[in-house]
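The values are calculated or read from the model by the stated rules, or taken from the named source; none is laboratory data. Just so we're clear, the structure is a prediction, and the values are computed from it rather than from any experiment. Please note: Cβ atoms are built from the backbone with ideal geometry, for glycine as well, and neighbour counts cover all protein chains shown. Just so you know, the surface numbers come from the protein's heavy atoms only, side chains and all, with ligands and any DNA or RNA stripped out. Shrake-Rupley method; radii C 1.70, N 1.55, O 1.52, S 1.80 Å.
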Amino acid sequence: QVQLVESGGGLVQAGGSLRLSCAASGSIWSIGGMGWYRQTPGKQRELVADITSDGRTNYADSVKGRFTISRDNAKNTVYLQMNSLKPEDTAVYYCNAGVRIAWSSGTRPYWGQGTQVTVSS
C-alpha cells in the first residue's frame, strides 16, 4: 500500500506565497514522475506542474514564473512553491506520483487526498 500525504494549503492574500509538500510512504520500490494538479468545482482536474525522477520540470502556462516544483528523492517528497498567488489559483491541489511497488511491477499512479488553497483578493 502506498500513501501520499499533502500539507501546506491554506488561506492567503493575493500576492502572497504558500509551499505545498507531498510525502509518499508505504511499499515503494521506486518513484518516477511526480506532479501537482488542481481542481475547482465543476471543472476537470488540471496539471499545474510535474517533475521527472532526474529533475526535469514542466509547468502549466498559467503558473510559469510564479510556481516552482522540486523534489527530494531521499525523502520521497515533492514540493510546490507558489509565489505571487492570484485569486484564480484557488483550488484543491492534489499530488500525484508514479510508483513501482516491486522491481517486477509496473508503474501505477497514486494520488493524495488533496489540500485546499484559497487566495483572497
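If I ask for residues that are polar (S, T, N, Q) and surrounded by 16 or more Cβ atoms within 10 Å (Cβ to Cβ), which ones from the range 82-101 would you list?
Restricting attention to the range 82-101, the residues satisfying the condition of being polar (S, T, N, Q) are 83-84, 90, 96.
If the condition is that a residue be polar (S, T, N, Q) and surrounded by 16 or more Cβ atoms within 10 Å (Cβ to Cβ), then THR90, ASN96 are the ones that fit.
In this structure, is VAL78 of a type in the set (A, V, I, L, M, F, W, C) and assigned to a loop (DSSP other than H, G, I, E, B)? Walk me through how you get there before you give the answer.
Values: of a type in the set (A, V, I, L, M, F, W, C): yes; assigned to a loop (DSSP other than H, G, I, E, B): no.
In short, no.
Pairing residues of the range 68-96 that are on the phi < 0 side of the Ramachandran plot with residues that are assigned to a helix (DSSP H, G or I) and surrounded by 14 or more Cβ atoms within 10 Å (Cβ to Cβ), at Cβ distances under 9 Å and at least 6 apart in sequence or on separate chains, gives MET82/ASP89.
Can we say ALA23 is at pLDDT 95 or above and within 14 Å of the chain's Cα centre (by Cα)?
On the way: at pLDDT 95 or above: yes; within 14 Å of the chain's Cα centre (by Cα): yes.
Here the answer is yes, as ALA23 does meet what is asked.
Among the listed residues GLY114, GLY10, which satisfies the condition of being within 10 Å of the chain's Cα centre (by Cα) and of a type outside the set (Ser, Thr, Tyr)?
Working: GLY10 fails: within 10 Å of the chain's Cα centre (by Cα).
None of the other options fit; the residue is GLY114.
Given the structure, is SER104 assigned to a loop (DSSP other than H, G, I, E, B), open to solvent by less than 70 Å² (accessible area, probe 1.4 Å), farther than 14 Å from SER7 by Cα and out of contact with any Ser or Thr (no Cβ under 6 Å at 6 or more places or on another chain)? Against the criterion (assigned to a loop (DSSP other than H, G, I, E, B), open to solvent by less than 70 Å² (accessible area, probe 1.4 Å), farther than 14 Å from SER7 by Cα and out of contact with any Ser or Thr (no Cβ under 6 Å at 6 or more places or on another chain)), SER104 does not qualify. Residue by residue through the range 38-57, note down the ones that are within 14 Å of ALA91 (Cα to Cα), open to solvent by 50 Å² or more (accessible area, probe 1.4 Å) and touching a Gly at 6+ places or on another chain (Cβ under 9 Å). Answer for the range 38-57, where residues must be within 14 Å of ALA91 (Cα to Cα), open to solvent by 50 Å² or more (accessible area, probe 1.4 Å) and touching a Gly at 6+ places or on another chain (Cβ under 9 Å): GLN39, LEU47. Here GLY65 passes the criteria (1) open to solvent by less than 50 Å² (accessible area, probe 1.4 Å); (2) of a type in the set (Gly, Ala, Ser); (3) at pLDDT 95 or above except the one numbered (1).
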